[in-house]
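Written below as structure tokens is the structure these notes are about.
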Amino acid sequence: MNRAATKRAHRDVGAFARVLLACAALSACGKSTQATDGAAGDTTGGASVAGTLTLPGSAQGASYFVRLAIGVSTVTAPVAETTGTTTGTTSLAYEIRDVPSGTYFLLGFVDVDASGGTASTPGDYAGWYGHNGDGNPPAAANVVVPDTGTVRYDFALVLR
Ligand SMILES: [Ca+2]
């Protein structure tokens, strides 16, 4: 191999490595937006529930949770949940992993005034999936979770 060919080969290796990196990044991004398909490579137990909460305000640095519960009264002991901190945007993506299959109530809650607890105080954002505009829970459980894969539930919270 002459010097020019060696140089070219090195360049090619660099390009190949960059392509590999791009693919890795893309597949990682795509994972959370998969529809229900029992995606291969999902090594966790249960399914994922993911979606976007639309908030009625732009509270920043407030604690939030999104919970799945068997009943409205048992939301204090949820089957599964995710928690985090708001970033000031009114669109909040969430994902709850390792959820056993079943039919659940789904509650999104942002503790805007940092008062703690699970009961909303004036100024907090809250809402159950399927509420009729008032944020209150629906009459029956309405979030269906399969054995594997990801199901999406987008909903809006209301100002308490
Ligand atoms: Ca509060």
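Throughout, read-outs are computed from the coordinates displayed, never taken from laboratory work. Being a predicted model, the structure only gives us computed values, none of them experimental. Cβ sites come from the backbone with ideal geometry, for glycine too, and all protein chains shown count toward neighbours.
Let me check I've understood the local charge: for Thr118, count other residues with C-beta under 12 angstrom from its C-beta, Lys and Arg +1, Asp and Glu -1. What total comes out? Don't skip to the answer; put the middle values down first.
Numbers: positive: Arg67; negative: Glu81, Asp111, Asp124.
So the environment of Thr118 carries a net charge of -2.
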Mark the label point 7 Å from the Cα of Thr118 along Cα→Cβ and return the residues of segment 55-90 whose backbone N is within less than 16 Å of it. 64-84
Put +1 on the Cβ of every Lys and Arg and -1 on every Asp and Glu Cβ in segment 47-159; which of Gly127, Leu106, Ser58 then has its Cα farthest towards the positive end of the dipole? Leu106
